[in-house]
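Novice: Mind looking over this structure? Questions follow.
Readers should treat all values here as calculations from the given coordinates under stated rules, not as data from a laboratory. Note that this is a predicted model, so its numbers are computed, not measured. Neighbour counts run over all protein chains shown; Cβ positions are idealised from the backbone, glycine included.
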Amino acid sequence: MQAASREALTASRDRLAQQTGSPSGARSDGQTLLGLADDLFAVAHLLDGQVSLRRALADASVRPDDRAGLAGRLLSGKVGDGALDVVQTVARQRWSRPLDLVEAVETLATDAALEAAQARGELDAVEDELFRFGRIIDGDPALSRLLGDPSADRSGKTALLDRLLAGKVSPVTERLVRNALTSRHVHNAANAVERISEAASARRGQSVAHVVSAVELSDEQRRRLTGILERTYGRTIGLQVQVDPSIVGGLVIRVGDEIVDGSIANRLAAAGRRFAG
């Protein structure tokens, strides 16, 4: 997002926070927050499929209150008052491009769902479920292609995700995954789920270290690695560990955009390049 859209998203998030009560600690109950998230996801899908509508709501030549009024006329009685208030706030902002408005509503819906998870005491479990489902997608090329195809039928994707997730994960996880992966501008399903998992971790005040190991790490090894990373980065770190025997030994660690590849496979490949040179 460009600067204007980032500022618009910040203002919209502030309005959402007033609805959820998160800054003051007087948080809404989990069910109310889930309803708010559902409404915002529904609006995001509507805008995702209606190019003319999102252009109208992001049209900088129209007065902000007029754009908010249009949102009110279209959505009043179809979504809850809280969601309507948030969407009208979104419509009053200045967006760099109409698609940013859609992505902003999706982000706000995700924020509301994670707030619901926190209110329900499920945030840790949701983060873990998201990570595990992301690994399932990453390990299944056919599933990854289908869920990452923006032209695939949305109802078909929804039915598939319902079969995979219904009754097996938290209702919050189910909503987050289903709505994220049926968006028309998602092209990498595993990355989309990973971003939501990282948002859950950030809500718990942590950064995420994605670790690939040739073998399962013991609890003691996890504690030691966490301590090393927290001292290195100067902040709380949560580990997400994937076992991949193909790296032979050692670890591959990614924190944000920084990757440390200490795998034996990488060292052997480097030695082979030096020998060939």
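Novice: Tell me the mean residue ellipticity at 222 nm calculated for the chain from its helices only (DSSP H runs of n ≥ 4, each -39500 (n - 2.57), averaged over every residue, nearest 500). Mind showing how you got there, number by number?
Specialist: On the way: 13 runs with 180 residues, N = 277.
Taken over the chain, the calculation gives -21000 deg cm²/dmol.
Novice: Using only Cα atoms, what Kirkwood radius does the chain have, in angstroms?
Specialist: Every distinct Cα pair counted, the radius reaches 20.4 Å.
Novice: Highest mean first, what order results for 232-244, 89-101 on Cβ atoms within 10 Å? Write out the running numbers ahead of the final one.
Specialist: On the way: 232-244: 15.2, 89-101: 20.8.
Most protected by this proxy first, the peptides run 89-101, 232-244.
Novice: Determine Rg/Rh for the range 1-119; Rg is computed over alpha-carbon atoms and Rh is the Kirkwood hydrodynamic estimate from the same atoms. Before the final figure, lay out each step's value.
Specialist: On the way: Rg = 13.3 Å, Rh = 14.0 Å.
Rg divided by Rh gives 0.95.
Novice: Using the C-alpha gyration tensor of the range 207-276, what are the square roots of 5 times its eigenvalues, in whole angstrom, with the largest one first?
Specialist: Working: eigenvalues 113, 40, 17 Å².
Working through the eigenvalues yields semi-axes of 24, 14, 9 Å.
Novice: How large are Rg and Dmax for the range 122-204 when only the alpha carbon atoms are used, in Å?
Specialist: 11.7, 35
Novice: What dipole magnitude, in Debye to the nearest 20, does the chain give about its Cα centre under +1 on Lys/Arg Cβ and -1 on Asp/Glu Cβ?
Specialist: Numbers: 36 positive and 37 negative charges, 106 e Å.
So the magnitude is around 520 debye.
Novice: Could I ask something else about it? For the chain, take the longest principal axis of its alpha carbons; what is the angle in degrees between that and the long axis of helix 189-203, to the nearest 10 within 0 to 90?
Specialist: Tilt of helix 189-203: around 80 degrees.
Novice: Here is a further query. Need one number: % antiparallel among DSSP beta bridges in the chain, to the nearest 5.
Specialist: Values: 9 of 17 bridges.
Given both bridge residues lie in the chain, the antiparallel proportion sits at roughly 55 percent.
Novice: Quickly rank 123-133, 28-38 as a protection proxy: mean count of other C-beta atoms within 10 Å, highest first.
Specialist: Peptide ranking by packing, descending: 123-133, 28-38.
Novice: What translational diffusion coefficient, to the nearest whole µm²/s, does the range 99-145 have by Stokes-Einstein, given a Kirkwood radius computed over alpha-carbon pairs, a temperature of 10 °C and 1.306 mPa s viscosity? All intermediate terms of the calculation are to be shown ahead of the outcome.
Specialist: Numbers: Rh = 12.3 Å.
Estimated diffusion coefficient is 129 µm²/s.
Novice: Please give the charge dipole size of the range 31-132, origin at the Cα centre, charges +1 on K and R Cβ atoms and -1 on D and E Cβ atoms. Round to the nearest 20 debye.
Specialist: Values: 11 positive and 18 negative charges, 145 e Å.
Approximately 700 debye in magnitude.
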